[in-house]
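Remarks on the structure that follows.
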Amino acid sequence: MRTEVEHNENHVILELQDVTYCYDGETLPVWEHLSCCFYKGKIHAISGPSGCGKSSILYLLDGLVPHMYEGELTGRVLLEGEDITSVPPRDRCDRIGFVMQNPESQFCTFTVEEELAFGMENLGVAPEAMKGKIEEALAFVGMSGYEKTDLNNLSGGQKQKVAIASLLVTEPEILLLDEPTANLDPQSRRQIFDLILRLAKEQGITIVLVEHNIGEILEEVDHILALDGHGNVVARGSREAVLAQGWKLRQEKDTVGAAKDLSTEEEVLRITDLEFAYPIPGRRKKDPANGKKILDGLSLAVRRQEFLAIVGENGVGKTTLMRLIFRIFSQDAGKIELFGRPVESYRKKDLYHLIGLVFQNPENQFIKNTVYEELMFSLKRVRISQEEKEERVQEMLERFHLAQEKEKSPFVLSQGQKRRLSVADMLLTNQEILFLDEPTYGQDFENRQELMKDMQKLVEEGITIVMITHDLSLVRQYATRVVELEDGKVRKDLPTEAYFAWRREETGKEEQRDVCLY
């Protein structure tokens, strides 16, 4: 990897000059007459509400706009003074690396080792040099020993780390990061932020970071670009200059979810002694020398109207547990009972009328060409009139602020809008239990609060919520009970207030709350 370098405080490495861009098929531009500079070896944070065009700036810098995402572009993109507006992404990748919001969308191979080697092969790196680079990059992101692991068997946070490592081996001058810590537990998030700081300060890599919660890294950010909801620049410059303009930090409220006595409520889900291991590629599922157990004797129960949060470090089995409940995979041992019946006894169609899953990556559940059609498709087999279907869909469009986006493809929405659409999709069919896998990923402060208040209302109406999340500030505010997993088992199962009291005793300090600019 790169050696330590000196950098000029005022060396502009990337510049946008008077840029206006409108996606093909849209009537309004993402932003108009946008001009800004990015400085060599510095850390830049781009902030603003969901849908304001933050990710689109990264697409423009990488060349995805306008070469893959077509539209009308005016203005120029300069790389060290050279106009690269017409240069496609493939001819920028030796200097500019891009980690997208959904790391799966940029994977090209099957295993961790192959993924890291892929980029180097395209750049002509000698085979004998690859092994050392791969080992070094994986050590950097805390994933040593995962070389042979199937990418599909990684947790969301681990996939994000592999995506970052796959770029580090190509030694880029500029690294674009779109919400790089959104799927990470607090410890892993801190590791990634520390990594970002080291890349900038020790190796001179220029960092351009889109991040909603910048509290943990704010003191290390050199420059801030803040946009409003319409893509207008409302603040830009050094961190000190932006904060001096009156921009402040807003923290999540210090409240704790209300405790409820649900001991008399119906038990809707019981999991007993659950075991599961992902098979190693090329081996049979029952091979005794198969992969490490992800779940190893896990047991828990859920009662009606609970707002349960399942937490734990990346890779402890949270998402795997959801896959087993929904029969995407079958457990190796143990039982999963839904309303007193084994989940295997339900036809999948009937099972999915009882329980709904909001995916960690919303794109995985979209199948139609427009937002409106996507929502209507959810009601295809529901026996109600067409008029009632249209009313339900319109209600969801208004409730989740998607009415203006209803004719757009779900795949061109911002990450926050995709998340809101995925939740609306599930709520249309009135399932009794709603499972949320990282529900606030990609959401700004206001949208996260609004989404979670909607979930709270559903609980009050009789719905049971089971939420997988790393966002402990939201757990504190909204969950009634917390289950922490470790080594494939339940480590702690406590009411929310008791859980955070236990964490304070364990760590000797208060939890850091989410912080954003406003």
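Structure data summary
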{"read-out": "Alpha-carbon centroids, the range 103-125 and the range 152-171: separation in whole Å", "value": "10 Å"}
{"read-out": "Whether the chain is rounded, prolate or oblate, judged on the alpha carbon gyration tensor where a/c under 1.5 counts as rounded", "value": "prolate"}
{"read-out": "Size of electric dipole in the chain: Cβ of Lys, Arg +1 and of Asp, Glu -1, about Cα centre, debye, nearest 20", "value": "1520 debye"}
{"read-out": "Size of charge dipole - the range 177-228 - debye, nearest 20, with Cβ of Lys, Arg +1 and Asp, Glu -1, no other charges", "value": "200 debye"}
{"read-out": "Backbone HN-Hα couplings from phi across the range 198-203 [Karplus 6.51/-1.76/1.60, Hz, Gly and Pro as x]", "value": "5, 4, 6, 7, 9, 10"}
{"read-out": "Other-chain or far-sequence residues with amide H under 5 Å of K492's (modelled H)", "value": "E484"}
{"read-out": "With every protein chain in place, the chain: carbon and sulfur % of accessible area (1.4 Å)", "value": "46 percent"}
{"read-out": "Selection of GluC sites (Glu not before Pro), the range 46-101, meeting DSSP coil and at most 13 other Cβ within 10 Å", "value": "E70, E80"}
{"read-out": "Other-chain or far-sequence residues with amide H under 5 Å of A235's (modelled H)", "value": "A226"}
{"read-out": "The chain: angle of helix 496-507 to the longest principal axis, Cα-based, in degrees nearest 10", "value": "50 degrees"}
{"read-out": "Coil-residue chymotrypsin sites (Phe, Trp or Tyr not before Pro) of the range 104-146, DSSP, other Cβ within 10 Å capped at 15", "value": "F110"}
{"read-out": "Residue range of the chain that is longest and free of trypsin sites (Lys or Arg not before Pro) which are both DSSP loop and sparsely packed (at most 13 other C-beta within 10 Å)", "value": "3-147"}
{"read-out": "For H230, residues with placed amide H under 5 Å, excluding near neighbours", "value": "none"}
{"read-out": "Per-residue HN-Hα couplings for the range 352-359 [Karplus 6.51, -1.76, 1.60; θ = phi - 60°; Hz; x = Gly/Pro]", "value": "6, 7, 8, 10, x, 10, 9, 5"}
{"read-out": "Cα-derived Rg to Rh of the range 1-116, Kirkwood definition", "value": "0.98"}
{"read-out": "Tensor-based shape of the range 86-136 (alpha-carbon gyration tensor, a/c under 1.5 rounded, otherwise prolate or oblate)", "value": "oblate"}
{"read-out": "Positive dipole terminus of the chain, leading residue within M68, F500, P127 (C-beta point charges)", "value": "F500"}
{"read-out": "Backbone HN-Hα couplings from phi across the range 383-390 [Karplus 6.51/-1.76/1.60, Hz, Gly and Pro as x]", "value": "8, 9, 5, 4, 5, 5, 4, 4"}
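The values are calculated or read from the model by the stated rules, or taken from the named source; none is laboratory data. Everything quoted here is computed from the prediction, not taken from an experiment. Every residue, glycine as well, gets a Cβ built from its backbone with ideal geometry; the counts of neighbours run over all protein chains shown. Protein only, heavy atoms only, side chains kept; ligands, DNA and RNA dropped before computing areas. Shrake-Rupley method; radii C 1.70, N 1.55, O 1.52, S 1.80 Å.
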